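**Q** Pasting a structure below so you can have a look.
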Amino acid sequence: MNKLEYINRVPISKDNICIQRDEKKCNNCGACKGICKSRIGVYDNYDMKKSKTPICIYCGQCSLICPNKSIHEVEDYKKVKKAILKGRNIIFQVAPASRFLVGDEFGYPVGKNVIGKIVGTLRKMGVKYVFDTAYGADLTIFEEANELISRLKNNEKLPLLTSCCPAWVKYVSEFYPEYKRNLSSCKSPVLMLGSIIKNYFCKKNNIDKPIVVALVPCTAKKYEVTLTNDVNYAITVREFVKWIREEKINFRKIQASKFDYFTGTSSGIIFGTSGGVTESMIRYVYHKLTGRNTPKKFLEFEEVRGLNDVKEAKVKIKDRELSIAIINGTGDVPKIIEKISKKEAYYDIIEVMACDGGCIAGGGGPKVNKITNINKTKRSLSMYRFDRNSRLRNSYENKKIKKLYKELLIEPNSSVAHELLHIEEDKDE
Ligand code: SF4
Ligand code: SF4
């Protein structure tokens, strides 16, 4: 690696598939280095002098913080535009956090849920179907919660490490490969839904050669979609906004529209904020192990919410007490791993989101408002408000998931579910 390249700024390799730097716009301010080092825990956390290629987990936080828009995502939306013009079958899925972020760019209050406008805009752009990634999140809960129950029963591969954040999965591979076996084998909600769209929906409806696109607040998804054939492109919220402006679409005036077939519960929606995956998983595990409806304390699971660097909780379900840790930003992972290694702490579940706050502060999000804790809190409160007001607040209440198991998957963790929804091998190879 060129020494000069990493003195003031993060080094970015030419073949990085998620982010690139426009040299003309960089004034060497050092902001990218600061966030990568302190909150993401990558810069300066490996032997940079010896490394031939810079390590990057693709989180995109450097692109979010760069004041000069020098670091930017590798853009894919033009390929999608082209495919629409060619009349291809384009199917979009919209990630939970995206709907709470796009509005920032069009003058809505921070954290406003603008999902109807997003779906309406995609229809105007010529997209054939628009689905809700929260469906993929509900499906993840069915698979991952049952994986957890089985690991607890057999007392193996604990703590279970969540696997829906691709930057975190990459981080484990780079810095703690000995913990790779602890990662859940579940694909992320985006990949799970992509797999079901292609292997179930398109087959059932005779849709030929679909192109599945995920609208995400994340740059690392661009890397994740290269790992399987489930999703063709991941485009960030920023790319989507740029596309809307290029098309001269008046987002505020667009007629709101609803999702097509696949929709999720609000358990799937709160995946977009730190602690949300765990909260949703506990709601399901409680129901599965007791046969009862989720109690209020897990519908408002305060201990796992908020922006603290590390959140810990203990949960008693029947006779088993579960220890949980939520890590907010990969920069805080080493201190928890150290505690585990020294046997100073024990956890059954560890949720990690590489970006501080989770996907609501994802590296592909809007830059128009500063990514302050106040704004992150506004977004996550908006998400929790949506959850509180929803009729269906548990993944196990999603009837279309039950139908999917009946028609295709048989039961969670079945061999067909494993074939379509899990990655058994190393997640980054
Ligand atoms: S994408 Fe993330 S890991 Fe890569 S250089 Fe930027 S901040 Fe660091
Ligand atoms: S944050 Fe942007 S402008 Fe500042 S050093 Fe990094 S790339 Fe250059």
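**Q** Compare Ile196, Ile244, Ile115 in a GNM of the chain, Cα atoms joined below 10 Å, and give the one with the largest fluctuation.
**A** Maximum fluctuation in the GNM of the chain, among the listed residues, is at Ile244.
**Q** Are there GluC sites (Glu not before Pro) in the stretch 327-381 that DSSP marks as loop and that have at most 13 other Cβ atoms within 10 Å, and which are they?
**A** Here the GluC sites (Glu not before Pro) that fit, given the DSSP loop and packing criteria, are Glu344.
**Q** Going 7 Å from the Cα of Lys253 along its beta-carbon direction, which residues of the stretch 123-145 have the amide nitrogen within less than 20 Å of the resulting point?
**A** 123-126
**Q** Can you pull the one-decimal nm distance between simple spin-label points at Ile410 and Glu338, each 7 Å off the Cα toward Cβ?
**A** Distance between the two pseudo-spin positions: 4.7 nm.
**Q** Straight-line reach from Lys253: which aspartates and glutamates fall under 16 Å, measuring Cα to Cα and dropping same-chain residues less than 8 apart?
**A** Asp104, Glu105
**Q** Here's a follow-up. Among all stretches of the chain without exposed trypsin sites (Lys or Arg not before Pro) (DSSP loop, at most 10 other Cβ atoms within 10 Å), which one is longest?
**A** Excluding the exposed sites themselves, the longest stretch runs over 87-247.
**Q** Dimensions of the chain along principal axes (Cα, Å, largest first)?
**A** Projected onto its principal axes, the Cα set of the chain covers 60, 53, 38 Å.
**Q** Still on this structure, I have one more. With point charges of +1 on the Cβ of Lys and Arg and -1 on the Cβ of Asp and Glu, referenced to the Cα centre of the chain, which listed residue (Ile244, Thr372, Phe92) lies farthest in the positive direction of the dipole?
**A** Final value for the positive-end residue is Ile244.
**Q** Given Lys82/Lys128; Lys187/Lys221; Lys198/Lys403; Lys81/Lys258; Lys124/Lys248, which pairs have Cα atoms separated by over 19 Å?
**A** Lys81/Lys258
**Q** What does the net charge come to around His72 if you take all other residues with beta carbon closer than 13 Å to its beta carbon, with K and R at +1 and D and E at -1?
**A** Result for the neighbourhood of His72: +2.
**Q** Sequence neighbours fewer than 8 away in the same chain don't count; with that in mind, list the lysines whose C-alpha is under 21 Å from Lys370.
**A** In chain and number order, the partners are Lys25, Lys33, Lys37, Lys69, Lys112, Lys242, Lys378.
**Q** Could I ask something else about it? Any chance you could run the full-extension gain for Ser13 through Lys69? It's 0.36 nm times the residue separation minus the Cα-Cα distance, nm to one decimal.
**A** 18.4 nm
**Q** Pop a pseudo-label 7 angstrom from the Cα along the beta-carbon direction at both Leu299 and Ser38 and give the gap in nm to one decimal.
**A** Taking the simple label geometry, Leu299 and Ser38 are separated by 4.0 nm.
**Q** For Cα pairs less than 8 Å apart in space and 6+ apart in sequence, what is the mean separation divided by the residue count of the chain, i.e. the relative contact order in percent?
**A** 22 percent
**Q** Let me ask another. Once fully extended, how much extra length lies between Lys242 and Leu381, figured as 0.36 nm per residue of separation less the alpha-carbon to alpha-carbon distance?
**A** 47.4 nm
**Q** What full-extension length gain, to one decimal in nm, is calculated for Asn154 and Val368 as 0.36 nm per residue of separation minus the Cα-Cα distance?
**A** Full-extension gain reported as 72.2 nm.
**Q** Using the charge dipole of the chain (Lys, Arg: +1 at Cβ; Asp, Glu: -1 at Cβ; taken about the Cα centre), state which of Gly331, Asn146, Gly194 has its Cα farthest towards the positive end.
**A** Final value for the positive-end residue is Gly194.
**Q** Additional query: What shape does the stretch 320-415 have by the C-alpha gyration tensor, where a ≥ b ≥ c are the square roots of the eigenvalues, rounded means a/c under 1.5, and otherwise prolate means a/b greater than b/c and oblate the rest?
**A** It is oblate, given that a/c is not under 1.5 and a/b is not larger than b/c.
No value in this document is a laboratory result; all are computed from the given coordinates. The structure presented is a predicted model; accordingly, all values stated were derived computationally and were not measured. Virtual Cβ from ideal backbone geometry, glycine too; neighbours counted across all protein chains shown.
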